[in-house]
């Protein structure tokens, strides 16, 4: 349900695995998603009502929270059939989904992030105790094509995951923007400044992924005593400025996720 950035990334992963048949509800698919319509085992539907009569074992809800709030009731027949309902909508609680789909609906919540489109994301999942192991395993398998997976023990931690890894790529992209802007201020043409920033951020991420040591150790490797990096870090780390700013950002994002969840329950 929904073939935007996350839904589209999942679809590509499933197609690569040869999974199917797959019914995709997306009224306005982009060109890349339309390409999949020509593959065997992929069926595009204009609306959820078109799924009537299909044997649905799993339903992945990849809609924005604001849209899901309007459309949620239309998925009740699928939920009532016993299908796994895997929601990746931020700020939409199990309580709200159960109110729309019934107490017996088999619902798992998941929070992926946009690097999943490149197979380098991480997805956190939460399932209430009543969800059997087989459905948990199916939910995890469905999002595994996006990258790593973790399970959290409390639904409230999904809000924290949203603030850290769900929104986190935007924090890194902002850093790339700032680094490119600083490079331009030093006299580099925009194209070269952007290239320097992109390669630095992506390269550091690749090293962080490849080296099991703590980020602090990697930082110390770059910062020679009395050198240029140490001079820069003295600015960023003065009075823990960057650390406090990042902590405040995560708190703000989590507060908004909690606010959205409470709104979904009313």
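A short reminder: the numbers here are calculations on the coordinates, not readings from a lab. The model shown is predicted, which means the values in this text are computed figures rather than measured ones. Glycine gets a Cβ as well: all are built from the backbone with ideal geometry, and neighbour counts include every protein chain shown.
What the table below lists for this structure:
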quantity	calculated
Candidates 213, 34, 130: whichever shows maximal mean-square fluctuation once the chain is modelled as a Gaussian network with Cα springs under 10 Å	213
Choice from 142, 196, 157 showing the highest fluctuation, given a GNM over the chain with Cα pairs closer than 10 Å	196
Burial ordering of 266, 55, fewest other beta-carbon atoms within 10 Å first	266, 55
Computed over segment 168-258: relative contact order in percent, which uses C-alpha pairs under 8 Å that are six or more apart	14
Mean separation of Cα contacts under 8 Å, 6 or more apart, over the residue count of the chain: relative contact order %	17
Antiparallel bridge percentage (DSSP; both residues within the chain; nearest 5)	15
Estimated Rh, segment 226-266: Kirkwood, alpha-carbon pairs, angstrom	12.4
Calculated FRET efficiency for the pair residue 242/residue 28, C-beta based, R₀ 45 Å, to 0.05	0.65
Added length on full extension, which subtracts the Cα-Cα distance from 0.36 nm per residue, residue 76 to residue 235	51.8 nm
Two-site label geometry, residue 207 and residue 57: point separation in nm, points 7 Å out along Cα→Cβ	4.5
Amide N proximity, segment 81-97 versus residue 150 label position 7 Å along Cα-to-Cβ, cut-off under 20 Å	87-92
Alpha carbon convex hull of the chain, projected area averaged over orientations, nm²	16.8
The chain: most fluctuating residue of 145, 198, 69 per GNM, C-alpha cutoff 10 Å	198
Equivalent ellipsoid, segment 72-153 (semi-axes from 5 times Cα gyration tensor eigenvalues, Å)	22, 13, 11
